[in-house]
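Written below as structure tokens is the structure these notes are about.
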Amino acid sequence: GEDVEQSLFLSVREGDSSVINCTYTDSSSTYLYWYKQEPGAGLQLLTYIFSNMDMKQDQRLTVLLNKKDKHLSLRIADTQTGDSAIYFCAEGSYIPTFGRGTSLIVHP
Amino acid sequence: DGGITQSPKYLFRKEGQNVTLSCEQNLNHDAMYWYRQDPGQGLRLIYYSQIVNDFQKGDIAEGYSVSREKKESFPLTVTSAQKNPTAFYLCASSMGGKGTGELFFGEGSRLTVL
């Protein structure tokens, strides 16, 4: 069945890069997504990548996709305290399946 | 402003009572979804609707019911049959099979059973 796996926690120092990893099982997904959730709020789309791409860069965000290994990563450069949130990986273009979310903690 | 609105933001319920969570969108989206979020468990799909007057069960539909009488509205009823209803509930909408599949989420409703 479909499944999305990601680690639950990541702690980084302010100014460092953060890398959040995700593995997925559905190779037919057209798009793969990263969502961000701030405390007590809904999710917002951070970025997405089309399945025929290897990399997508958007300002401080870099998404890498390895289709062979079904591995997706999100790199946040120069991580700030405002980046502290839960980050969800998701696959599936119509009824997305979400990972459990990675809590990113940024400390001074 | 276009968006998706959930209400109430906080809700307390006694055991044995049904409660209804509201979800309204003005994005003209065809598809709407309800997810449940528990700590450490991510998002689990309760129900989804692709079009008015039609909806499908998700992974954890037992103890919940929905209706989709209008395109803009997709209310969720948490019935007394739901064994562990305390959770954070998220409603979302999307363009369905068109576009990139991005989901637009509401701010969530936190239900606590006393």
Among B:77, B:20, B:100, which one shows the highest mean-square fluctuation when chain B is modelled as a Gaussian network with alpha-carbon springs under 10 Å? B:100
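Pull out a ≥ b ≥ c, the square roots of the eigenvalues of the alpha-carbon gyration tensor of the stretch A:38-108, then state rounded if a/c is under 1.5, prolate if not and a/b is larger than b/c, and oblate in the remaining case.
Since a/c reaches 1.5 but b/c is at least a/b, the shape of the stretch A:38-108 is classed as oblate.
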For chain B, set up a GNM with springs between Cα atoms under 10 Å and report which of B:12, B:74, B:55 has the largest fluctuation. B:12
Cα-Cα pairs of the protein assembly as shown separated by more than 26 Å (percent): 37 percent
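Net charge near residue B:6, counting Lys/Arg +1 and Asp/Glu -1 over other residues with Cβ under 12 Å of its Cβ?
Charge balance near residue B:6 sits at 0.
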Distance in nm between label sites at residue B:79 and residue A:80, each 7 Å beyond Cα in the beta-carbon direction? 4.8 nm
Report, ordered by chain and residue number, the lysines lying within cross-link reach of residue A:56, taken as a straight Cα distance under 27 Å and ignoring same-chain residues fewer than 8 apart. A:36, A:67, A:68, A:70, B:98
Can you give the accessible area per residue of chain B, in Å², using a 1.4 Å probe? 49 Å²
The percentage of Cα-Cα pairs in chain B separated by more than 16 Å is 56 percent
From highest to lowest solvent-accessible area (probe 1.4 Å; ligands, DNA and RNA excluded), A:71, B:29 read A:71, B:29
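The values are calculated or read from the model by the stated rules, or taken from the named source; none is laboratory data. None of the values given here were measured: they were computed from a predicted structure. FYI the Cβ positions are ideal-geometry reconstructions off the backbone, even for glycines, and counts take in every protein chain you see. Just the protein is used for accessible areas: all its heavy atoms, side chains included, with ligands, DNA and RNA removed. Shrake-Rupley method; radii C 1.70, N 1.55, O 1.52, S 1.80 Å.
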